[in-house]
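Data first, discussion second: the structure below is written as structure tokens.
The values are calculated or read from the model by the stated rules, or taken from the named source; none is laboratory data. A quick note: this is a predicted structure, and the numbers were derived from the prediction, not measured. All Cβ positions, even for glycine, are placed from backbone atoms using ideal geometry, and neighbour counts span all protein chains on display. Quick note on the areas: whole protein, heavy atoms, side chains included, nothing else; ligands and nucleic acids left out. Shrake-Rupley method; radii C 1.70, N 1.55, O 1.52, S 1.80 Å.
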Amino acid sequence: THPGFKVRITQAGLNYAREHAVAALEEELSQLRLPDISGDFRVPNVGKVYYELSSLKLRSFHLPDSSIFPVPNVGLQVTISNAFAEVDGDWRVKVYFIRDHGSFDLKVEDLYIRISLTLGSDASGKPTADASDCSTHISNIRIYFSGKFGWLYNLFHSVIESTFRRILESKVCENVVSSVHSELQPYLQTLPVTARIDAMAGIDYSLVAPPAATAQSLDADLKGEFFSLAHHSSVPFPPPPLAFPPDHDRMVYFGASSYFFNTASLVYHAAGALVFELTDSMIPKGLDFHLNTSIFSAFIPQLEKMYPDMLMKLRLSTPAAPFLSIGPEGLSLRPVVDIQAYAILPSSSLAPLFLLNMVSNVSATIDVKSGNIVGNLTVGRLRLSLKHSDVGPFQVRMLQSMMNIFASGILLPRLNDRLKQGFPLPLPDRIQLSNVILQSHQ
């Protein structure tokens, strides 16, 4: 299945995410709790040495250099190099009858961390992440003891360093894996897979496949389909192929195909939201005419005889959902609208007068504001034809200018007011877009 909506995070976007993720990981690692270390070892010509390191406190943990890159067909790999940390604590040692104790400072230098992230999706269509591999390597550890017997410290200096290296390397990876599960995975779950739009419709943004890593980006295919809140039925047409342009300059790209917009049209048409009724009270005050039979009798003389000086109502509806097309020149649609005219009788009942068919070329522009896709429609020249008349034949072209006023002055502002409210983009928590550029492609 082709996606109706596609998201691409480029290397620039991944780098931005890495900056924040590594800063959070640095904060997390600085809270590492290190266990007490104790043991013994035998020294030739000296005997057994017992040692204990306690009250270990990590004073700092810095991750100055890091990188992230997608691994095709696998996921993401994060590397951290030149990391360093400082630890202090207390020590105690015993050799025969000799005992000593004091404090120590330990410096960890050139710590290297490599993390592999496997990306997937769960049953609800939300993205998942798992640390499939983590490895660490410490190039250098230096430890400084305070105390009276220098020769004694040298006996267990190398033992402490190797023990500490093993414990810290294990603890770092343990913490990284824990952070992926407790921080990254819950954050990915904030991506909305369904978004309620209003009382009639919602959008399905669930993944149709796990996120895919390429050499240059991370791509996610989303369903991108509007659905009815009243009854979730299948869409009677498939989504077309959706391909991004080749550039990767921006951090993130969103692609919406015609399928995305046309499922919206389908849902709102089925819900009756594309039916509009125009009455005299809705005519803007700046327009110097009324919606009544007296005005229309100038074009349809028999109206004055049959329904003298009566208010009228126009009911505009679309026989089928209007479909939008997208190309390099922009977005456009060609809706077909039926206009049923009524006379409002003194009893408030309606008398049908005539049924017109109206066709027009409509251009659409879209923008993104506050994480919402917003739109605006512009109507071209209308073409009218008479489908049925209850008041006898008349020249439809005489009504052209009046219908232009109704469409552009009353109907279009109502549609654009709704489109200004917009439809939300699939954004996880705390993400805001800036410097948005919109382009139209085939």
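Of all residues in the stretch 153-205, those being modelled with pLDDT under 95 and touching a Gly at 6+ places or on another chain (Cβ under 8 Å) number 7. Taking each residue of the stretch 386-412 that is assigned by the TED database to the domain that holds Ile300 and looking for partners that are in a helix (DSSP H, G or I) and open to solvent by 70 Å² or more (accessible area, probe 1.4 Å) with beta-carbon atoms closer than 8 Å, six or more apart or interchain, yields Val391/Met306. Flag: Ser363 matches the condition of being in the same structural domain as Ser317 (by the TED database), farther than 30 Å from Glu304 by Cβ and touching a strand residue (DSSP E or B) at 6+ places or on another chain (Cβ under 6 Å). Within the stretch 189-208, the set of residues being open to solvent by less than 40 Å² (accessible area, probe 1.4 Å), among the hydrophobic types (A, V, I, L, M, F, W, C) and out of contact with any Phe, Trp or Tyr (no Cβ under 7 Å at 6 or more places or on another chain) comprises Leu191, Leu207. Against the numbered list (1) open to solvent by 20 Å² or more (accessible area, probe 1.4 Å); (2) touching a residue at least 24 places away in the same chain (Cβ under 8 Å), Asp219 comes up short only at (1). Of all residues in the stretch 25-54, those satisfying the criterion of being closer than 19 Å to Ser178 by Cα and either surrounded by 13 or more Cβ atoms within 10 Å (Cβ to Cβ) or not assigned by the TED database to the domain that holds Leu184 (or both) are Leu25, Glu26, Glu28, Leu29, Ser30, Leu32, Leu34. Residues in the stretch 369-389 that are under 20 Å from Leu278 (Cβ atoms) and either open to solvent by 70 Å² or more (accessible area, probe 1.4 Å) or among the β-branched types (Val, Ile, Thr) (or both): Thr378, Val379, Arg381, Arg383, Lys387, His388.
Here's the yes/no breakdown for (1) among the aliphatic types (A, V, I, L, M); (2) open to solvent by less than 40 Å² (accessible area, probe 1.4 Å):
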position	(1), (2)
Phe289	no, yes
Asn292	no, yes
Leu303	yes, yes
Tyr307	no, no
Leu314	yes, yes
Thr318	no, yes
Phe323	no, no
Pro328	no, no
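Is it the case that Val22 is open to solvent by less than 20 Å² (accessible area, probe 1.4 Å), hydrophobic (A, V, I, L, M, F, W, C) and outside any strand (DSSP E or B)? Even if it seems obvious, please write down each step before you answer.
Details: open to solvent by less than 20 Å² (accessible area, probe 1.4 Å): yes; hydrophobic (A, V, I, L, M, F, W, C): yes; outside any strand (DSSP E or B): yes.
Answer is yes for this residue.
How many residues does the stretch 108-135 hold that are more than 14 Å from Glu169 (Cα to Cα), free of Cβ contacts under 8 Å to residues at least 60 places away in the same chain and in a strand (DSSP E or B)? Total meeting the criteria: 6. The number of residues in the stretch 88-140 being aromatic (Phe, Trp, Tyr) and either open to solvent by 60 Å² or more (accessible area, probe 1.4 Å) or not assigned by the TED database to the domain that holds Ser54 (or both) comes to 3. Here His232 fulfils each of the conditions (1) open to solvent by 30 Å² or more (accessible area, probe 1.4 Å); (2) in contact (Cβ under 8 Å) with a residue 24 or more places away in the chain apart from (2).
From Val337, Val267, grab the single residue that is open to solvent by less than 60 Å² (accessible area, probe 1.4 Å), in contact with a Ser or Thr (Cβ under 8 Å, 6 or more places away or on another chain), within 28 Å of Arg397 (Cβ to Cβ) and assigned by the TED database to the domain that holds Val235.
Working: Val267 fails: within 28 Å of Arg397 (Cβ to Cβ).
The match here is Val337.
Only one of Ser360, Ser349, Ser408 is open to solvent by less than 30 Å² (accessible area, probe 1.4 Å) and of a type in the set (S, T, N, Q). Can you tell me which? Step through it out loud before you land on a result.
Details: Ser349 fails: open to solvent by less than 30 Å² (accessible area, probe 1.4 Å); Ser408 fails: open to solvent by less than 30 Å² (accessible area, probe 1.4 Å).
Sole residue among the options that is open to solvent by less than 30 Å² (accessible area, probe 1.4 Å) and of a type in the set (S, T, N, Q): Ser360.
Selection of the stretch 419-428 for residues being in a helix (DSSP H, G or I) and surrounded by 14 or more Cβ atoms within 10 Å (Cβ to Cβ) yields only Leu419.
How do the strands (runs of 3 or more DSSP E) wholly within the stretch 142-235 filter down when requiring 3 or more residues that are not small (Gly, Ala, Ser): which remain? Walk me through how you get there before you give the answer.
Working: elements: 194-196, 201-204, 217-222, 225-228.
Result: 217-222, 225-228.
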